[in-house]
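Visitor: Pasting a structure below so you can have a look.
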Amino acid sequence: MLPDSAAPADAMVVDAPHPPAEATPTTDDATATLPVPEGIHAHMDRFLDRAGPFTDESMFEPGEGIKEFLRDDCKVLVIGAGGLGCELLKALALSGFSDIHVIDMDTIDLSNLNRQFLFRQKDIGRPKAIVAAEFINARIPHVKVTPHFCKIQDKDTDFYSDFNIVITGLDSIEARRWMNATLVNMYDEDDPSTLKPLIDGGTEGFKGQARVILPRISACYECSLDMITKQTAFPICTIAHTPRLPEHCVAWASLLQWPKEFGEDHRLDGDNPDHITWVYDQALARAQQYGIRGVTYSLAQGVVKNIIPAIASTNAVVAAACVLEAVKLATNCQPVLNNYMMYTGDAGVYTYTFELERKPDCPVCGSGKTTVTVGRDTTVGEVIELLQERVDLQLKRPSLRTASKTLYMQNPKSLEQATRPNLAKPLREFVDDGETMTVTDASLPLSLRATVHYK
């Protein structure tokens, strides 16, 4: 599983500038549409006027009806207007979709301009979603792109239920998990209209992936967490006492100094320029103290957000695959990807498609149950560490409780302090063999039920 970049921090510090709940262009001209130029869809019509050799003719009805749905009625949501998002918006607009929405909470930075081609230098500091929409609307006037300058969490299920297809081009694992859980939970088996296909794309240098998620039918994003490479971690002793690399200095500033300066309740936001500037200044001073070179603002941002260098051509390949799947989902003109495509461009050009299977115990689309087997003397703190090490859960700061007892809670601060002594106590003092405890975590979209067994 490859992220466009790894997850940024999802909390914000008091008094820092934030995007509004939603901001859109102030004029109607930005989203007005014009008549479709004659013949512009001639090439696509060849696939919609007749069935192909692999078309399931029981589901495909060629002709004007399917064309009208694709071009007039099908409503697509793109989440993320970065390197992958720009490619997605372009490809969707040129493939016949005319009602496109885009969500992004970020603003344009100088470092974006080398691959995010919908932006120009004059756009620096402006919201990506709004600028991207203005560009597409001006360039392809019969297409209407509606921007939403906000977080995905600012929207409710009524908003997401209004779309036929959702495509994610995110740089955040947490955001992907949240979006996946939202669409899965929206699905009602008795109401087919609640099924909202999710197409997810991601890139990492010369590699990428595209996948189609049909909620509660195919494997969801949560089912594949063990495929994600965990973020590189630096030993705390090295960060605190013997830094040797510029990355060590940035990690020292972000992991040790930030909580010391602002407190545990005010988390570092990797998307906030003021926060990154503070980390950069602290890291630079630390580097100068130890004679280390190479600390830059871009490095600080990259370490905090775990940014992986992006290549525009890889973004284009993956975005093209995602949009092709959107066309097939909207029209049934060709079989839809089942359900995962990996692209490898660092050793020649290679693609591999396979069916990722659902996990019966997936906390989102499955039973939400897992098993924890520990020794009888294992402490609560050691159980938390064990859960954090499991790649199939990707937990950061888990809290534990049973139906009648609170073992340990990360937040609020008063409850964390009250339950902290339990960390050193054996788990068996709170949980019997075969009993179930509830695990919650900021990165976990839903609570997880873990049955405890003792060796």
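Visitor: Does Ile217 satisfy being at negative phi and either surrounded by fewer than 21 Cβ atoms within 10 Å (Cβ to Cβ) or at pLDDT below 90 (or both)?
Guide: yes
Conditions (1) among the aromatic types (Phe, Trp, Tyr); (2) buried (at least 18 other Cβ atoms within 10 Å of the Cβ); (3) in contact with a Ser or Thr (Cβ under 6 Å, 6 or more places away or on another chain); (4) within 30 Å of Met186 (Cα to Cα), marked per residue:
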residue	(1), (2), (3), (4)
Val364	no, yes, no, yes
Met437	no, yes, yes, yes
Asp441	no, yes, no, yes
Ser447	no, no, yes, yes
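Visitor: How many residues are of a type outside the set (Ser, Thr, Tyr) and outside any helix (DSSP H, G or I) when one looks only at the range 386-430?
Guide: 21
Visitor: Same structure, new question: Provide a single number: the residues in the range 120-161 that are under 23 Å from the mean Cα position of the chain (by Cα) and closer than 20 Å to Ala316 by Cα.
Guide: 6
Visitor: Out of curiosity, is Arg420 surrounded by fewer than 16 Cβ atoms within 10 Å (Cβ to Cβ) and among the basic types (Lys, Arg)?
Guide: Yes.
Visitor: Would you be able to say whether some residue in the range 408-421 is of a type in the set (Asp, Glu) and touching a helix residue (DSSP H, G or I) at 6+ places or on another chain (Cβ under 8 Å)?
Guide: No, the range 408-421 contains no residue that is of a type in the set (Asp, Glu) and touching a helix residue (DSSP H, G or I) at 6+ places or on another chain (Cβ under 8 Å).
Visitor: Okay, moving on. Regarding Ser224, is this residue of a type in the set (Gly, Ala, Ser), more than 24 Å from Phe97 (Cβ to Cβ) and in contact (Cβ under 8 Å) with a residue 24 or more places away in the chain?
Guide: Here the answer is yes, as Ser224 does meet what is asked.
Visitor: Another question about this same structure. Just to be sure I understand the filter: pairs with C-beta atoms under 9 Å, separated by 6 or more residues or on different chains, first member in the range 165-182 and more than 27 Å from Asn332 (Cβ to Cβ) and in contact (Cβ under 8 Å) with a residue 40 or more places away in the chain, second member among the aromatic types (Phe, Trp, Tyr) and surrounded by fewer than 22 Cβ atoms within 10 Å (Cβ to Cβ). Which pairs pass?
Guide: Once the first residue is more than 27 Å from Asn332 (Cβ to Cβ) and in contact (Cβ under 8 Å) with a residue 40 or more places away in the chain and sits in the range 165-182, its partners that are among the aromatic types (Phe, Trp, Tyr) and surrounded by fewer than 22 Cβ atoms within 10 Å (Cβ to Cβ) give Ser172/Trp178.
Visitor: Moving on. Select from the range 92-119 the residues that are more than 20 Å from the chain's Cα centre (by Cα) and not in a loop (DSSP other than H, G, I, E, B) and write down the one among them that is modelled with the lowest pLDDT.
Guide: Step by step, filter the range 92-119, then rank; the result is Ser111.
Visitor: Just name the residue that is farthest from Tyr187 (Cα to Cα) out of those in the range 334-354 that are touching a strand residue (DSSP E or B) at 6+ places or on another chain (Cβ under 7 Å) and not in a strand (DSSP E or B).
Guide: In this case the residue turns out to be Asp346.
Visitor: Could you tell me whether Thr438 is within 25 Å of Trp178 (Cα to Cα) and not basic (Lys, Arg)?
Guide: The answer is yes for Thr438.
Visitor: Just one of Arg293, Arg286, Arg211, Arg267 is charged (D, E, K, R), more than 30 Å from Leu356 (Cα to Cα) and in contact with a Phe, Trp or Tyr (Cβ under 6 Å, 6 or more places away or on another chain); which is it?
Guide: Arg286
Visitor: Restrict the check to the range 277-295 and report whether at least one residue is under 28 Å from the mean Cα position of the chain (by Cα) and either at pLDDT below 90 or assigned to a loop (DSSP other than H, G, I, E, B) (or both).
Guide: Scanning the range 277-295, I find at least one residue that is under 28 Å from the mean Cα position of the chain (by Cα) and either at pLDDT below 90 or assigned to a loop (DSSP other than H, G, I, E, B) (or both), so the answer is yes.
Visitor: List pairs: first residue in the range 373-393 and farther than 14 Å from Pro426 by Cα, second residue in a loop (DSSP other than H, G, I, E, B) anywhere in the structure, Cβ distance under 6 angstrom, at least six positions apart or on different chains.
Guide: Between residues of the range 373-393 that are farther than 14 Å from Pro426 by Cα and residues that are in a loop (DSSP other than H, G, I, E, B), the close pairs are Leu387/Leu395; Leu387/Pro398; Gln388/Leu395.
Visitor: While we're on this one: Give Arg401, Arg449 a once-over and let me know the one that is farther than 27 Å from His266 by Cβ, in the same structural domain as Asp377 (by TED's automatic domain parsing) and within 32 Å of the chain's Cα centre (by Cα).
Guide: The match here is Arg449.
Visitor: For the range 163-202, name all the residues that are over 30 Å from Val303 (Cα atoms), among the hydrophobic types (A, V, I, L, M, F, W, C) and assigned to a strand (DSSP E or B).
Guide: Ile165
The values are calculated or read from the model by the stated rules, or taken from the named source; none is laboratory data. Not measured: the values here are computed from a predicted model. Heads up, the Cβs are rebuilt from the backbone with ideal geometry, glycines too, and the neighbour counts pull from every protein chain shown.
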